[in-house]
């Protein structure tokens, strides 16, 4: 097995191995959440391996999803708060309407500065 193939599926393999290895020890209360998270990630990885739509998700089973989700959330954040207006958007997210309104309005032009 090549090193490239091993590094591609390493995170998925760790999740599956941890899930299977922790099943006999579920009488410990602290182990349930960790096993549940790695089990869900293992199922997500299995789904990624059998799907045919995204090559990144098939080649990097769990990490490909993280890449796609982070790319989508970064695009959403940029469209909300980085607008061409001169006024900065507020830091807290409750005023998303203000950011959208500020982005849609045209910035004032300063013609008297010539």
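The calculated FRET efficiency for the pair residue 52 and residue 21, based on their C-beta separation and a Förster distance of 35 Å, comes to about 0.70.
What is the fewest-to-most order of 70, 42 by other Cβ atoms lying within 10 Å of their Cβ? Please report the intermediate quantities before stating the final value.
On the way: 70 10, 42 21.
So the residues, fewest neighbours to most, are 70, 42.
Here the residues 60, 9, ranked from fewest to most Cβ neighbours within 10 Å of their Cβ, fall in the order 9, 60. Between residue 77 and residue 34, the FRET efficiency from the beta-carbon distance, with R0 = 25 Å, is close to 0.25.
Taking all Cα pairs closer than 8 Å and separated by 6 or more residues, the relative contact order of the range 1-61 comes to 37 percent.
The numbers here are math on the coordinates, done by the rules we state, and not lab data. What you see is a predicted model; the values in this text were computed from it and never measured. Quick reminder, even Gly has a Cβ in these numbers, built from the backbone with ideal geometry, and neighbours come from all protein chains shown.
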